[in-house]
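Asker: One structure, pasted below without further comment.
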Amino acid sequence: MSRYIALAVTAALAAVAGLSFQRVFGLGPVVPVAAVAAVVPTLLAGLLSGPREKGPWPLWISLVLTVPAWAATVSVTVLRPALSGGTLPQALREGVLSSWKAVLTTLLPAPAEPEYLVLVSVTVWLAAFASAELALRTSLRAAPAVPALGVWAVALLLGVDGPGSNMPLAAATAVLIAVLVLIRADGAGAGVAWRPLAAGMPAAAVLGALAFAAGPLVPVGAAPYDPRERVQAPPPQRRDGVSPLDRVGGWLLSPGRVLFTVGAASTPAERLAVLDRFDGVTWSSTARFVPTGSRVPAGPAPDERHEVAQRITIRELTGVWVPAPDRPRRVDGLPVVVDPGSGALAAARPLRPGQTYRVESAVPEWTADDLADAGVATDAEAEAARRLPWGPGAKQPPVQIAEFRKFAQAATRGAVTSLQKAAMLADYLKVYAKYDVTAPPGHSYRQIDYFLGQGRRGTPEHFATAYALLARTLGLPSRVVVGFEGGLRAGGTVQIRSGDVMVWPEIKFDRLGWIRFNPLPDSARPSKDDGGVAAGQTQQKLEQAQKSAASRQRAPEQTETAQREQRKAAPAAGSPTPWWVFAALAAAALLIGYLCAVLTAPALRRRRRRTGTPAARITGAWHQALDHLADAGLSASRTLTAHEVAHFGASTVGDAARDHLAPLADLVNHARFAASQPDPRAADRAWDHTDALGRLVTAKAGRLRRLRRRLHPRSLKDRRRAEPPPR
């Protein structure tokens with residue numbers, strides 16, 4: 001009977017293990033799948049493997065029947081859409097063979113697609129079936145819990161980077177395993193099984209509570225193993241036939257088209273596309289877009305950032321690039337793929353008018369303190385963002401590169417640090433050229449050379465791409481971002497029009513990531529002159545922080561290396577320390593030294609008195625007794641006889657003191673004047689009397705009085721002499 005009772009526990013173990021997939025798909029989609037996959041095979045095993053008159057069915061029959069049972073169950077539950085659509089065989093095959101790889105190449109939480117959830121169903125089903133068979137066919141107590149641990153292993157590997165925590169589920173698993181062992185303790189009937197169960201349930205509950213409480217405190221010395229690092233992601237797909245950068249000129253010439261609307265209290269800049277590769281003619285993206293359920297991994301962020309939640313509705317915006325503030329954290333309502341490096345979003349299919357989605361973002365707010373110590377990045381991405389290719393089919397570098405380098409060096413003359421160069425280059429371009437939406441589009445070497453050398457008029461496309469190329473000639477890793485800023489408020493929403501398009505360059509700094517710079521003239525900023533939303537407030541704060549951080553840095557003649565060394569040595573080269581600091585430190589040192597002396601001197605004196613010959617030890621015991629009596633008010637002990645000292649002890653401490661002082665005085669007199677020397681046992685008795693007297697004095701005088709006497713300077717001096725007491 002206890003085996004049948006244990007079936008409920010094994011089903012619960014398998015279900016709880018299946019719920020650990022909540023870090024992969026979220027808890028909601030996993031609950032019904034795990035529940036069905038845990039209960040049905042348990043019931044099947046109970047029918048086939050339980051006691052019968054002729055004995056249980058052979059194990060091979062259970063193994064054969066569980067396969068069609070699982071296929072039928074998953075078809076009418078998880079794969080019901082494929083069943084009604086006639087694609088069940090294909091969905092079943094992809095779910096069993098490819099779901100694990102699809103999960104490993106998807107940003108978590110993975111979308112709760114039926115083909116993905118097949119993985120949860122098959123693992124939980126196998127664990128529940130194996131646990132039930134072990135519980136019914138074997139007498140091993142903990143063996144039925146092993147298959148559930150296998151489900152845990154799969155879920156932990158697939159969800160190592162997922163959100164949430166499995167700590168409560170792990171604690172519940174510990175409790176269920178303990179209950180399972182208790183139920184199967186004796187293998188007897190139900191009456192016997194309930195006794196250890198009732199006795200052990202409190203212990204199992206305590207075990208689960210301890211597992212839940214101690215789990216977060218377990219030290220982890222290394223990052224967990226992530227199988228995603230071993231799985232090759234699908235090759236990047238070309239997201240759009242027309243680069244958003246090529247559309248900027250056309251959008252500016254037709255500024256009134258409403259591309260999308262934003263429902264939010266605040267409207268920061270909306271990013272559309274991040275372009276980091278330049279081939280000499282055009283800018284493109286090297287983003288490796290991967291599927292995601294809803295979460296977007298966070299990138300480098302400052303301490304200050306504000307959360308923004310927006311509801312965006314597509315109007316006339318075409319293509320697959322999905323607008324969102326930087327940096328998006330979660331997207332709901334629209335199937336998207338994401339580039340984990342830049343956070344750029346793209347739709348799985350081209351955008352259509354009327355599509356609505358919700359995006360939550362954490363917009364960074366960089367301060368001067370964040371930027372003050374910024375150094376240019378040197379990683380692989382930064383190295384790629386410094387390249388200046390010759391152009392398609394070119395066999396020698398174009399002459400424009402050398403001209404751009406001279407231009408950039410002249411614009412940043414006097415700047416040494418990377419931040420100074422980036423800020424000065426942006427300020428130079430602001431006043432060097434004028435903003436003109438009618439300027440011919442294009443951003444190749446030739447067109448940027450014309451913009452800088454002759455035209456000196458351009459759109460955000462020209463200013464941003466020129467800045468990015470000039471920055472690369474200075475060794476700064478750069479890229480170009482196409483987005484939108486501003487808009488026209490209409491009721492509770494903001495209409496983002498084609499005329500609100502904006503292009504800006506970004507420079508990558510170590511530990512900070514990509515930082516936006518603004519080379520556009522002030523006349524290019526959207527304003528409220530036409531009833532629109534004022535834009536650029538966040539960018540204005542960033543520009544002010546960049547200028548403030550650049551002004552903090554050292555003079556131009558000092559290198560960045562010398563600057564870092566100077567910052568390390570700044571405390572030593574600062575203003576002189578006030579004299580009162582040294583005086584306070586000296587006083588504190590004297591006080592600590594005095595306390596150590598007065599507290600250790602008596603202990604050392606007592607230790608010295610207890611060593612030596614038996615006669616010296618007895619004399620030391622008498623001197624220690626006189627020190628004890630001094631705490632009770634005894635003074636001038638050198639002029640007192642032994643009987644006078646005993647009388648003082650009896651009158652001040654109590655009659656019990658005489659019982660120790662009198663024999664102690666006799667021992668001292670014998671040690672000093674007897675012909676024979678005392679033995680060690682006599683010295684031990686003397687110190688026993690002294691220690692007992694010390695306890696009596698402490699009880700009478702109190703510890704506070706003895707402490708005050710100990711802190712007095714006279715405790716540093718041993719005023720006792722080795723002469724014997726008067727007889």
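Readers should treat all values here as calculations from the given coordinates under stated rules, not as data from a laboratory. Since this is a predicted model, take the numbers as computed values, not measurements. Glycine gets a Cβ as well: all are built from the backbone with ideal geometry, and neighbour counts include every protein chain shown.
Asker: Using a 10 Å cut-off on Cβ atoms, rank the peptides 349-358, 448-457, 170-179 from the highest mean neighbour count down.
Answerer: 170-179, 448-457, 349-358
Asker: Rg and Dmax of region 1-105, using alpha carbons, in Å: what are they?
Answerer: For region 1-105, the Cα radius of gyration and maximum Cα-Cα distance read 16.0, 52 Å.
Asker: Turning to a different aspect of this structure: Distance between the C-alpha centers of region 298-328 and region 240-280? Whole Å please.
Answerer: Spelled out, the Cα-based centre of one part sits 13 Å from the other.
Asker: Next up: Can you give the convex hull volume of the alpha carbon atoms of region 441-488 per residue, in Å³?
Answerer: On the way: hull volume 4.3 nm³, N = 48.
About 90 Å³ per residue, rounded to a whole number.
Asker: Let me ask something additional. What list do you get for Tyr594, Tyr428 if you sort them by fewest beta carbons within 10 Å?
Answerer: So the residues, fewest neighbours to most, are Tyr594, Tyr428.
Asker: Relative contact order (percent) for region 121-175, with alpha-carbon contacts under 8 angstrom and 6 or more residues of separation?
Answerer: 31 percent
Asker: Now for a different question. Once you sort the root eigenvalues of the Cα gyration tensor of region 27-184 as a ≥ b ≥ c, which label holds: rounded (a/c under 1.5), prolate (a/b larger than b/c) or oblate (the other case)?
Answerer: oblate
Asker: To one decimal place, what orientation-averaged projected area in nm² is obtained for the convex hull of the Cα set of region 591-716? Working shown, then result.
Answerer: Values: hull surface 30.5 nm².
The number I arrive at for region 591-716 is 7.6 nm².
Asker: Please give the direction-averaged projected area of the C-alpha convex hull for region 332-491, in square nanometres with one decimal.
Answerer: Numbers: hull surface 54.2 nm².
Average of the hull's projected areas for region 332-491 equals 13.6 nm².
Asker: Then there is this: Which three extents, in whole angstrom, do the alpha-carbon atoms of region 94-139 cover along their principal axes, largest first?
Answerer: Projected onto its principal axes, the Cα set of region 94-139 covers 43, 19, 14 Å.
Asker: In whole Å, what are the Cα extents of region 283-344 along the three principal axes, biggest one first?
Answerer: Between the extreme Cα coordinates on each principal axis of region 283-344 lie 36, 28, 25 Å.
Asker: Quick one: Debye curve from the alpha-carbon atoms of region 244-364 only, equal weights, vacuum; give me log10 I(q)/I(0) at q = 0.09, 0.21 Å⁻¹ to two decimals.
Answerer: -0.25, -1.32
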